[in-house]
């Protein structure tokens, strides 16, 4: 057995593994990432954005089962490779017509087309080759008001939540580290100017600031990423500033000045690597905050736009069902948001304990 002491990273990882709830949160996050990557292979509806609309079966309860007549589309569907399907899905080769029953009569397929509860219409089509076939589909989490599979849209919606969290955290960390380190290292006038700017941004309600940025940039997928990221950097900057102000007074930093090192080298090579522990913790918290902000913006109609699936947008499209016969259509994406945010929060708590230098 090696007698070499643990590095800080090894000691922090060992401590984190002992934190059961944090590891549970990490497991949920890893599973969510895998689901997001392979979303179009896992989703029953593999069409782009899981946007297969079947209006006749809109608003159905979880576990709903329905027979369909699959009619081959006349237009030529381009073949989709593994990478393209992984990124953007595979267009449907068939059009799906809900039916209540069918029978073959000579060279014809006679079926009862489902129109609504207890309403159907008798129709017949001429059977030729593989143009028609019968499928039975189960909608594990029900269908929304447009007849789209909630389960498929929930799976693909994980991409939006994770993407907005990742992009927002990257933007907030870069801005926060830059401004916080400059304020803490140079102090004086530089610190006064940056702290004045931080206090101004801090005084504006976060959601109001996100609205303002979103309105300036416009509605859309990438705009909401930037808007959320530009509102989360303040907490990072304040923490980095305090950490840098403490470290710059230590003896080894004074030694770098005596050796004639430049401010840039001292700051980026000797100070910042020693303050990244708190940044990791605040990044996990900001990740959770970004997910909630994106869901709120999409719910209010200024975030991700339909037909792209977003958990907040799914709640908006189905919240009317809460007071009617099928509240689970809106509750399920809400539970998904709660679970992922909880996972990031408890992971952040575990990282805070594991990366506490005093321990």
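The values are calculated or read from the model by the stated rules, or taken from the named source; none is laboratory data. Since the structure is predicted, the reported quantities are computational estimates derived from the model, not experimental observations. Note that we place each Cβ from the backbone using ideal geometry, even for glycine, and neighbour counts take in every protein chain shown.
Selection over the stretch 88-112 of residues that are without any contact (Cβ under 8 Å) to a residue 24 or more places away in the chain and either under 30 Å from the mean Cα position of the chain (by Cα) or not in a loop (DSSP other than H, G, I, E, B) (or both) gives a count of 7. Considering the stretch 72-91, and only residues there that are closer than 22 Å to residue 147 by Cα and modelled with pLDDT of 90 or more, the residue that is surrounded by the fewest Cβ atoms within 10 Å (Cβ to Cβ) turns out to be 88. Of the residues making up the stretch 210-232, those that are out of contact with any helix residue (DSSP H, G or I) (no Cβ under 6 Å at 6 or more places or on another chain) and over 25 Å from residue 306 (Cβ atoms) number 0. Here residue 326 fulfils each of the conditions (1) part of a helix (DSSP H, G or I); (2) in contact (Cβ under 8 Å) with a residue 24 or more places away in the chain; (3) buried (at least 17 other Cβ atoms within 10 Å of the Cβ) apart from (1). A residue that is assigned to a loop (DSSP other than H, G, I, E, B), surrounded by fewer than 21 Cβ atoms within 10 Å (Cβ to Cβ) and modelled with pLDDT under 85 occurs nowhere in the stretch 263-270.
Residues checked against (1) over 23 Å from the mean Cα position of the chain (by Cα); (2) without any contact (Cβ under 8 Å) to a residue 60 or more places away in the chain; (3) buried (at least 20 other Cβ atoms within 10 Å of the Cβ); (4) not in a helix (DSSP H, G or I):
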site	(1), (2), (3), (4)
135	yes, no, no, yes
152	no, no, yes, no
160	no, no, yes, no
192	yes, yes, no, no
200	yes, yes, no, no
207	no, no, no, no
215	no, no, no, no
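Per this entry, residue 303 is counted among residues that are at pLDDT below 85, under 30 Å from the mean Cα position of the chain (by Cα), buried (at least 23 other Cβ atoms within 10 Å of the Cβ) and within 30 Å of residue 340 (Cβ to Cβ).
Please go through the stretch 299-321 and give me each residue that is assigned to a helix (DSSP H, G or I) and farther than 20 Å from residue 59 by Cβ, ordered by number. 300 - this is the single residue of the stretch 299-321 that is assigned to a helix (DSSP H, G or I) and farther than 20 Å from residue 59 by Cβ. Out of all the residues in the stretch 72-85, which are under 28 Å from residue 57 (Cβ atoms) and in a helix (DSSP H, G or I)? The one that is under 28 Å from residue 57 (Cβ atoms) and in a helix (DSSP H, G or I): 85.
When the stretch 224-258 is filtered for residues that are closer than 19 Å to residue 186 by Cβ and in a loop (DSSP other than H, G, I, E, B), the ones remaining, listed by number, are 248, 249, 250.
Filter the stretch 38-71 down to the residues that are assigned to a helix (DSSP H, G or I) and modelled with pLDDT under 90 and list them by number. Answer for the stretch 38-71, where residues must be assigned to a helix (DSSP H, G or I) and modelled with pLDDT under 90: there is none.
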